[in-house]
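Student: I am attaching a structure below and will ask some questions about it afterwards.
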Amino acid sequence: MSDRNFKVYIDGKFYPGPRAKISVYDHGLLYGDGVFEGIRVYNGRVFALREHVDRLFASAKAILLKVPLTPTEMVEAVVKTCRVNRMREGYIRLIVTRGAGTLGLNPNNCERGSVIIIPGPIQLYPRETYENGLAIITVPTTRNLHNAINPAIKSLNYLNNILAKIEALNAGCDEAVMLNAEGYVAECTGDNLFIVREGELQTPPLSAGALRGITRRVVMDLARQQGWRVTEPHLTRYDLYTADECFLTGTAAEIVPVSRIDGRTIGSGRPGPVTLKLMELYRNLTRETGEPIFPARV
Ligand code: PMP
């Protein structure tokens with residue numbers, strides 16, 4: 001199914017993909033003034049839906065954006081969109097924009113926030129990437145400062161990440177490691193980053209500029225259930241280069257092994273045992289839990 005065959009939810013109504021449109025005066029378009037979530041559907045269930053909705057509301061609160069639905073209504077709207085589209089596997093983009101206003105910056109001229117829910121097919125890396133690992137590089141564009149656009153806000157203004165992505169692609173890599181202004185590792189452009197060192201998992205703290213990733217949280221829980229230590233120290237590029245294993249986590253990409261960083265081979269250069277075990281545990285969990293889309297047959 002191509003992207004455009006899906007029915008898109010806009011403010012309570014469904015539109016066929018090609019006819020799903022928003023106003024040119026929407027501040028989401030004019031200024032990137034809005035927030036979003038990327039959510040996955042596995043096996044007829046929406047994975048970690050309430051957690052995504054909670055993060056969406058936290059992002060909205062941080063930018064003083066009033067969401068026109070309650071969190072429970074938002075959960076229902078996402079499930080309904082999946083049901084209308086008969087989704088069993090896929091991806092959902094949930095967006096709240098500031099809504100239509102004037103050409104000026106003033107958000108008070110926007111009457112009402114708009115809720116948009118766009119279903120799509122799954123976009124994973126090719127299978128070889130999961131089998132062999134990804135080559136990534138650190139890029140010159142640093143992660144947004146907390147006192148500029150706080151990286152914890154999942155806003156529609158993703159230019160910081162897009163610039164980093166362009167720098168990685170120009171260098172022949174699919175992902176970029178973004179450092180913060182102090183030179184510590186923050187995250188990648190659309191994924192959190194983990195390393196494994198002597199059986200311990202390490203991932204940058206949120207204060208280093210990492211998004212509070214939901215896959216990050218799930219992976220930390222799964223690792224602790226295995227009895228593995230998980231810490232959140234500040235990491236430098238040296239820590240990445242000398243790690244035993246490295247992997248990325250994100251809703252769309254899931255868990256992606258990293259084989260090379262800045263031309264250095266990580267560990268054996270193959271996905272390591274901790275990464276492989278977590279990939280297996282994550283795969284099982286996503287297929288077994290989540291908000292059911294279709295009523296259970298009696
Ligand atoms: N960092 C950034 C910048 C992201 O956009 C994402 C994807 N939403 C992530 C990390 C991973 O977060 P999650 O596991 O919640 O998808």
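Every residue, every condition in (1) within 16 Å of the ligand (Cβ to nearest atom); (2) assigned to a strand (DSSP E or B); (3) closer than 25 Å to R45 by Cα; (4) not assigned by TED's automatic domain parsing to the domain that holds I162, yes or no:
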residue: V196; (1), (2), (3), (4): no, yes, no, no
residue: S207; (1), (2), (3), (4): yes, no, no, no
residue: S259; (1), (2), (3), (4): no, yes, no, no
residue: S268; (1), (2), (3), (4): no, no, no, no
residue: V274; (1), (2), (3), (4): no, no, no, no
residue: M279; (1), (2), (3), (4): yes, no, yes, no
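Student: In the range 82-119, how many residues are assigned to a loop (DSSP other than H, G, I, E, B) and either over 20 Å from V41 (Cα atoms) or touching a Phe, Trp or Tyr at 6+ places or on another chain (Cβ under 7 Å) (or both)?
Tutor: 14
Student: Restricting attention to the range 256-290, and to residues there that are among the acidic types (D, E) and open to solvent by 50 Å² or more (accessible area, probe 1.4 Å), which single residue is farthest from V230 (Cα to Cα)?
Tutor: By that ranking, first place goes to E288.
Student: Also: How many of the residues making up the range 74-85 are open to solvent by 30 Å² or more (accessible area, probe 1.4 Å) and either touching a strand residue (DSSP E or B) at 6+ places or on another chain (Cβ under 9 Å) or at pLDDT below 95 (or both)?
Tutor: Total satisfying the criteria: 2.
Student: Condition test on N144, is it within 11 Å of the ligand (Cβ to nearest atom), in a loop (DSSP other than H, G, I, E, B) and at pLDDT 95 or above?
Tutor: Yes: the conditions hold for N144.
Student: Here's something else I'd like to know. Tell me the residue from L163, L103 that is out of contact with any Leu (no Cβ under 6 Å at 6 or more places or on another chain) and either among the basic types (K, R) or in contact (Cβ under 8 Å) with a residue 60 or more places away in the chain (or both), please.
Tutor: L103
Student: Consider only pairs whose beta carbons are under 6 Å apart and that are at least six residues apart or on different chains; among these, list those whose first residue lies in the range 25-49 and is under 11 Å from Y91 (Cβ atoms) and whose second residue is of a type in the set (V, I, T).
Tutor: If the second residue must be of a type in the set (V, I, T), the pairs left are G38/T251; I39/I92; R40/T251; Y42/T286; F47/T286.
Student: How many residues, within the range 51-62, are open to solvent by 40 Å² or more (accessible area, probe 1.4 Å) and out of contact with any helix residue (DSSP H, G or I) (no Cβ under 8 Å at 6 or more places or on another chain)?
Tutor: Counting residues in the range 51-62 that are open to solvent by 40 Å² or more (accessible area, probe 1.4 Å) and out of contact with any helix residue (DSSP H, G or I) (no Cβ under 8 Å at 6 or more places or on another chain) gives 3.
Student: Do we have any residue at all in the range 11-26 that's more than 22 Å from the chain's Cα centre (by Cα), under 30 Å from A210 (Cβ atoms) and open to solvent by less than 20 Å² (accessible area, probe 1.4 Å)?
Tutor: Yes, that holds for at least one residue.
Student: Pull out all pairs, ordered by first then second residue, where Cβ-Cβ is under 6 Å, the residues are six or more apart or on different chains, the first lies in the range 144-159 and is within 16 Å of E182 (Cα to Cα) and open to solvent by less than 50 Å² (accessible area, probe 1.4 Å), and the second is within 12 Å of the ligand (Cβ to nearest atom) and at pLDDT below 95.
Tutor: none
Student: Here is a list of conditions, (1) within 14 Å of T275 (Cβ to Cβ); (2) away from the ligand (no atom under 11 Å from the Cβ), and R224 meets all of them except one; can you say which number that is?
Tutor: (1)
Student: Still on this structure, I have one more. Which is within 13 Å of the ligand (Cβ to nearest atom), within 30 Å of T286 (Cβ to Cβ) and surrounded by fewer than 22 Cβ atoms within 10 Å (Cβ to Cβ), of I162, I116, I92?
Tutor: The conditions single out I162.
Student: Check M1 against each of (1) outside any helix (DSSP H, G or I); (2) modelled with pLDDT of 95 or more and name the one condition it does not meet.
Tutor: Failed condition: (2).
The values are calculated or read from the model by the stated rules, or taken from the named source; none is laboratory data. Given the structure is predicted, the values throughout are model-derived calculations rather than measurements. Positions of Cβ are generated from backbone atoms using ideal geometry, with glycine treated the same way; all protein chains shown enter the neighbour counts. For the accessible areas, the whole protein counts, side chains as well, though only heavy atoms, and no ligand, DNA or RNA atoms are used. Shrake-Rupley method; radii C 1.70, N 1.55, O 1.52, S 1.80 Å.
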